[in-house]
Every structure is written in C-alpha cells, then in structure tokens.
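Below is one structure; the comments refer to it alone.
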Amino acid sequence: MSDVHVQLLDLACGAFLLTGVLILWRSELAKIVTLFALQGVALAALIAVLGAHEGSAELAAVAVGIGALRAGVLPYLLRRALAASGERRETKPIVNVASSLVAAAVLALLAYAVCQPVIRLAPTPATQAVPVAMTVIFLGFFVLATRRRALSQVVGFLLIDNGITAMAFLTAGGLSPVVEIGVSLDVLLAVLVLQVLTTRMRAAFGGTDLDELRELRD
Amino acid sequence: MLLVVLPILLPCLAAAVYALAGWRGPVRWLGALSSAGVLACGIALSLQQAPPSAPGLRADALSSFMLIVIGAVATLAMLAGPSYLAAEDDARAARRYGVLTQGFIAAMALAVLAANLGVLWVAVEATTIVTAFLVGHRRTRAAVEAAWKYVVVCSAGIALALLGVVLLHFAAAQAGVESLELDVLAAHAADLDPGVARIAVALLLLGFGTKAGLAPMHAWLPDAHSQAPAPVSALMSGVLLSVAFYAMLRVKVIADPALGPAFTRNLLLVLALLSLLVAALLLIAQRDYKRMLAYSSIEHMGLLALGAAAGGRLALTAVLLHVLGHGLGKSVLFIGSGTILHATGSSRVAAVRGLLARSPLLGGAFGLALLALLGLPPFSLFASELGIFRAGFQDGIGWAVAVALVLLLVIVAAVGRIGSRMILGSPLSAQPPDAETAAGAAEPVLAAVAAGAPQAAAQPAAEAGDRRATEASGTPEAASAEPVLVAVATPAAHSAETGAGTDAAEAAPAKASDEEPGGPAKAGASAGAEPVKVPAGVAVAMVAGLVACGLLGITAGPLQSILDNAAQVVVP
C-alpha cells in the first residue's frame, strides 16, 4: 500500500471510530441519526479506498451500494420513525454521558487486545485498522445495553453491523457478493421490522421507553 | 437437482398463494400440504447415494435428515393452523400468518441446504425477521414486548455469528482458501490459523447458540414461545432451535480439525450445563404452562449440546434422533397448549384442572407427550437420552453427565408435578353461572357476533364435525372424543344461536384476558369444568406426532441408516 492509500485509510477509519464515539456523547435522537449517517459515509469511503488500492471496480461498486444503504436508506428510515414518534431525546441512559465516554476508551483498549491474533496473522495496514472496527462493534453492544429508547437500540444494532462490515472489508476484502447482498437485505428488513414494532409499542404502551417492557417475567 | 430446490420452492409457492388468495376455504390446508412435500423431499434425498446439489445448495446426509425433521414438525404444526385461526376474525392477520409461516419454513429449509456458511447465516437471520410478526401476532402489550426482545436479542446474538463468519473467512483467505463453502472449509480446516480460528469458532457457537436458545443467551425464548400462536411455537421450539443447533454442528465439523476437539467440547459443555441449570431452576416454580414448555426446550437444547460435546459417532446418532423426537413431542404439546388456551382462556397452570376428564383425547395426548418429553419409554426420547448419556460416559465427560442427570431429576419432578396437576384430578368445580361471569362471558360473544365472526367460524366448525364423524369409526381416540363434542354446553354458548358460537365463546375469554390481567383467572374458573372440544386438525396432528414419536422409540427402522449417515457427516 502506498503512503497516500494508508493515510486515506487511516482517515476513513478515524472518522468511522469518531462518529461511533460521538453517538455515545449526544443525547438528541436526531443528532444520533445524523452521526450514524456520517458513519455510513466513512464506511463507504473506507471500502472505496481499499477498492482504489486494489484497482477493483467491484469494490468500488460495493462501496456505492453500502454508502447508499447505510448513509441513505437506513438513516431515512430512522428519521421517519423519529418524526412519527415525537420523541426528541434519549432521556435516561442507564450510564451517563461522561461514564459512557470512559467506557468507550476501555472498550477500545479491549478491542485492541482482542484483535492481536488477527493483526499477527497478516500485519498489513488494513488489518492493523481492525481494532477500530472491533471498537465500533463493542460500542454498538454498549449502546444496546445501556440506552432505553427503542430508536437508540436500533442504532446500537446498526453500529454492530457497521463494525462487522468494516471488519469484513479490512480483513479480506469483504465476503462474497451473494452473502454481502443477503446480509444487507437482512439488516434492512430487520430495521423495517423494528420500525413497525416501535409503532405497535407506542400504540400498546404509549411510548418507546423500554423500561416499560415489564409484562413478561418469571 | 430438483429435489434440492423443491424444499425451498414449495413453501415459497404456498406463501405466494396465501398472499394472493388469502387464508380461506381449502387453501388453509395448503400449508400442511407443502410441509408434507418438504418431508417427502427430505426422505427422497436421504435415500440417494451421492449427495445431489444445485448452485449454492447441496444435500448431504445431515441436511437431508434435517429436512425430514423440518417437514415432519411443520406438517403437524400446519395441520393445527386452520382450527387455531378459526377464532380469528381479522382476515389480514390470518393471511399474514399464512404467508409468514410458509416463509419461515422456506428459510429453515434454505438454512439446512445452504452449501455456504454465509448463506446459512443469512437464512438463520431471515428466520428471525419472518417470525418477528408471528410472535407479535396478537398485538397485545405482552406480544409486542416479546417480539421486540426476540428481534433485538436474536439479531444482536446472531451478529456475533456474522463476526465469526467474517473472521473465519479471513483465516481461510490467509490459508489460501477464498471460499466460505462448508465442505471446502472443513477440508482445509487443519490449515487455519488457530489464533484467529479460535475467536471465530467461539463467536459462531455463541451466535448460533443464541438462536438455539442455549443459556445464558436464552432470554428471548420463553417470552417468544409463550406469546406466539401455538402452531408457530411448535415450529419455533420443534425445529427453529434445532436448525440453529444444526449450524453449530456444522461449525464443529470445521472447528475440531482446526483447534482440536477440546475447545468446542469445553464451550459446548458450559452451554449445556448452564442451560440445564437455568431450565431446572425456572421450571421448579413455573406457573405458566406455555413457559414451562419453553423452558423444557432450553433443557432439551442443553441435552443436545451435551451430546455434541461428547462428540463420538454414537453420541451424534443419539443427538440427531433426539432432535427428531423432541421436535415431534414438543410440537404435540404446543399444539395441545393452543387448544387448552382457547378452552380456558388462560395460560396459567392454575386455570387448568382435570384435563383428562374434560377431554380424554386432549388430556391423554398432552400427558403422554409430557411423559415422552421427560424421557420415558417407549418414546424415542428415552432411547436418545440413554444414548447421549452412555456416549458421554464413554467419551470421558462422565462428570458432566452425572451433573446433567441430577438436574434432569429436578426437571422431571417439576414438570411431572405441573403436568399431573393439569391433567389428573377432577375439573374445577362447576360454579353456578352467577350474573357477573355470565355477562362477562357473553359480552365478547355478542361483540363477535356483531363483527360477523360466526359466519367465518361456522364453516370450519362444520368441516371439523364432518371429519370427526368419518374418523370416529377408524380410531379409538377419535371415537372417545365424539361424546365430548356432543356434550359441549357452556353458559355462554346458550346465548349464541349457532353451534359455531362455541368457537367464538371459547376464543372470547382468550381475547379478553389480553386486555386485563385480572380477567383470565375468572374466565378460566367459569370455563373450568365443561368438556373441551378438540378440532379435527389438532387431534390428527397430536395423535400422529405421538404415534411417530412412540414408533421411533420402539425401532428407528429404516431411519437408522439415515441417522448413521448423518452422524458420519459430523464425525467423519
């Protein structure tokens, strides 16, 4: 990889990680969706850089497709759900913002440790960025576990998925096209299903506060 | 090649028909027909010498066997569908049920036929998406909550498996294998880098384990199983869990040569014992019979994991037989639970008494299926559990088997206590129909009459009556059900004019219970004594499932060679 490619790759990875961390920082749901869209752009850029390096038209096309889905369609769906809900803020995260950011730092360290075998196997500039993808996956799980609004949980789920996609392209240039399309389709449908369920939840519970989900227990 | 595509194509076609024609008339039985087709394809495929394949698909002995399981359980579940939905007055919801259940079966067939680990993952995640609205079918608070938890927990869990797929792909690429084909991966497993492969395999087992309902990732299971419509619960518990478990077996095939057998064995043992422990603890004081069945599924998935941990040929043969036996027995129970729920209006154990006296067929079949599930002879689960335990001692995990046996003893006691309460004894004392309960029961019926439900319900009820009359001469069970049908008489039924009104009357308390938590006990008590009517489809499905499970226990017959071949795929 030439220096320019490496620098561009690092830039894209940096933006990818930063948007993920900022999602923990903001509590307005609209801002969270915007940040998620920006992360989609960073992910598409990351794939485009890898494609430019390999001179692969296929990767370039994949970058466009991923960008359209993750920076276009999914944020659009989230915005629509947000507009319908009338909810503006993540009112009461279980962990407050300052502690969340500390947790993000710890998760980044953990991701770096976990990814050592991957880097050792093939120490290229691309695999050296793998801890970034792993950090975003961890952040996704963190958001999923600590945020109490339905929409925040959907964003957490999508963060995990962004991280895994980045991981797939950083390690081995992506899975095969059939699988990649299948995965994207599954993610899109899962978000649609969650959106419909959010609507039903609002009808049944009068809001999307997940703490209200207490009907079922042993 | 056609045989490989058909198991996916048939349910897709049936789904298309439901989407176009809706859920009505004889079309309602199309689902059972397509499921029987899947079963036939599975049997035909297992009889072939060389595994046939199609682009992206292939059917080796293990895949064919799983198709048989899917086909058999789906046929039972789909037979029970029409009568379960007979009380449904929402045509759109019924149509959606038809489309989604068939899509669900198609996705499971794709999962077991996929030649590519990535496609297998896509198919398993697709089952989550398709079943989300089936779990949330009733739109009550509890159903929406269960559906939300189900989608979020399963999607996040299965995301771990996708990460595992990505890392395995990386390890394979570094070993010079640019492919995710299961057979290719298995053939080159020894070349994989152990460091990366270890992370990948752990993630894959945990991810698919979430979907298989293994503890500690089981949180979604009891909620989803208890809220879904009974036939869907039967499908989810009977096969969906096993399909996820099948994915774990496929991962094990790749993992063992790459990492040595100890790694997967230890991981599977932890999952198995934790699952048995969770099931035992939560079954002791269980007060909801649908949740009891759900926790029993966790128990049986734990037993499967225990058998897979043992890992020998004998163990795997027993595990696969257990998959089929559990699928049959559990679907019989869930189908029966749907009828009990309709009759009593409550899924609480306390609302059900003297089932055997109220309906010898329902009570008898439910009780026998419970005994089957507890591993009593002559049912096949006795043979398969025995096989798993014997193999465990042989393969050097005797201590784990001993722990499992102790936990199993607790489970048998707990389930036995709940089961005997529901089935034996005299029905709850018939209360004089005081004004309040009578009015309470009659009101929903009148509402249903106004909504035009009887017209919808009249036809299936009449059909069911005809069928029962024709069967009565054939099977003793059906004959004993006959007087039950004649004797149906509820206070609420008197207020309805048509005979079909009983259908609506039985369904009404079930609906009312969703609105107010205080309702079901009362409705259950008022409906606690009179006989229960068992629809024909349900009766056929329950008896057929029990007979199959019992026959399998006496002799596996021609299935033995299929089982051996399938086990050979996992333990070459």
Q: Select from segment B:513-570 the residues that are over 19 Å from B:A86 (Cβ atoms), under 20 Å from the mean Cα position of the chain (by Cα) and at pLDDT below 90 and list them in ascending order.
A: B:G553
Q: Take B:P216 and decide whether it is surrounded by fewer than 21 Cβ atoms within 10 Å (Cβ to Cβ) and either out of contact with any Cys (no Cβ under 8 Å at 6 or more places or on another chain) or over 30 Å from B:M542 (Cβ atoms) (or both).
A: yes
Q) With respect to the numbered conditions (1) more than 10 Å from chain A (Cβ to nearest Cβ); (2) modelled with pLDDT under 95; (3) more than 23 Å from the chain's Cα centre (by Cα), which one is the sole condition not fulfilled by B:V201? A) (2)
(Q) If B:G176 satisfies all but one of (1) surrounded by fewer than 24 Cβ atoms within 10 Å (Cβ to Cβ); (2) among the small types (G, A, S); (3) in the same structural domain as B:G238 (by TED's automatic domain parsing); (4) assigned to a helix (DSSP H, G or I), what's the number of the condition it fails? (A) (4)
Q) Any residue at all in segment B:72-79 that is under 17 Å from B:A21 (Cα atoms), out of contact with any strand residue (DSSP E or B) (no Cβ under 9 Å at 6 or more places or on another chain) and aliphatic (A, V, I, L, M)? A) no
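Considering each of A:V118, A:V62, A:V106 in turn, give the residue that is more than 14 Å from chain B (Cβ to nearest Cβ) and touching a Gly at 6+ places or on another chain (Cβ under 9 Å).
On the way: A:V118 fails: more than 14 Å from chain B (Cβ to nearest Cβ); A:V106 fails: touching a Gly at 6+ places or on another chain (Cβ under 9 Å).
Within the list A:V118, A:V62, A:V106, the selection yields A:V62.
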Q. Quick check, is A:T171 free of Cβ contacts under 8 Å to residues at least 60 places away in the same chain and either small (G, A, S) or in contact with a Phe, Trp or Tyr (Cβ under 9 Å, 6 or more places away or on another chain) (or both)?
A. yes
Q | Filtered residues of segment B:208-243 (kept if more than 14 Å from chain A (Cβ to nearest Cβ), out of contact with any Ser or Thr (no Cβ under 8 Å at 6 or more places or on another chain) and part of a helix (DSSP H, G or I)) | A | B:F208, B:G209, B:V239, B:S242
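So, restricting to helices (runs of 4 or more DSSP H) that lie completely within segment A:33-115, which ones have at least 2 residues that are without any contact (Cβ under 8 Å) to a residue 40 or more places away in the chain and among the β-branched types (V, I, T)? Lay out the reasoning, then the answer.
Values: elements: A:57-67, A:74-85, A:97-114.
Once the helices (runs of 4 or more DSSP H) in segment A:33-115 are filtered for at least 2 residues that are without any contact (Cβ under 8 Å) to a residue 40 or more places away in the chain and among the β-branched types (V, I, T), what remains is A:97-114.
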Q: Give segment B:342-384 a look and list any residue that's of a type in the set (A, V, I, L, M), in contact with a Phe, Trp or Tyr (Cβ under 8 Å, 6 or more places away or on another chain) and either outside the structural domain of B:S233 (by TED's automatic domain parsing) or assigned to a loop (DSSP other than H, G, I, E, B) (or both), or say none.
A: B:V352, B:L376
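Sort through A:A133, A:A126 and tell me the only one that's within 13 Å of chain B (Cβ to nearest Cβ), modelled with pLDDT of 95 or more and over 17 Å from B:S155 (Cα atoms). So that I can check it myself, show each step before the final result.
Numbers: A:A126 fails: modelled with pLDDT of 95 or more.
Being within 13 Å of chain B (Cβ to nearest Cβ), modelled with pLDDT of 95 or more and over 17 Å from B:S155 (Cα atoms) holds for just one of A:A133, A:A126, which is A:A133.
Looking only at residues in segment B:537-572 that are outside any helix (DSSP H, G or I) and among the aliphatic types (A, V, I, L, M), which one is farthest from B:A61 (Cα to Cα)? Talk me through it step by step, then tell me what you get.
From segment B:537-572, those outside any helix (DSSP H, G or I) are B:555-558, B:571-572; that's our starting set.
Those still in the list that are among the aliphatic types (A, V, I, L, M) too: B:556, B:571.
Numbers: B:A556: 16, B:V571: 12 Å.
Filtering segment B:537-572 for residues that are outside any helix (DSSP H, G or I) and among the aliphatic types (A, V, I, L, M), the one farthest from B:A61 (Cα to Cα) comes out as B:A556.
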Q. Given the conditions (1) out of contact with any Phe, Trp or Tyr (no Cβ under 9 Å at 6 or more places or on another chain); (2) β-branched (V, I, T); (3) at pLDDT below 95, which single one is not true for B:T339?
A. (1)
Q: Considering only residues that are closer than 17 Å to A:R88 by Cβ and more than 9 Å from chain B (Cβ to nearest Cβ), look in segment A:198-216 and name the one that is modelled with the highest pLDDT.
A: A:R202
Q. Does at least one position in segment A:144-163 carry a residue that is in contact with a Ser or Thr (Cβ under 7 Å, 6 or more places away or on another chain), closer than 21 Å to A:A45 by Cβ, more than 9 Å from chain B (Cβ to nearest Cβ) and modelled with pLDDT of 95 or more?
A. no
Q: Please go through segment B:109-160 and pick out each residue that is facing chain A (nearest Cβ under 7 Å), among the charged types (D, E, K, R) and not in a helix (DSSP H, G or I).
A: B:R139
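The values are calculated or read from the model by the stated rules, or taken from the named source; none is laboratory data. Note that the structure is predicted; figures quoted are calculated from it, not measured. All Cβ positions, even for glycine, are placed from backbone atoms using ideal geometry, and neighbour counts span all protein chains on display.
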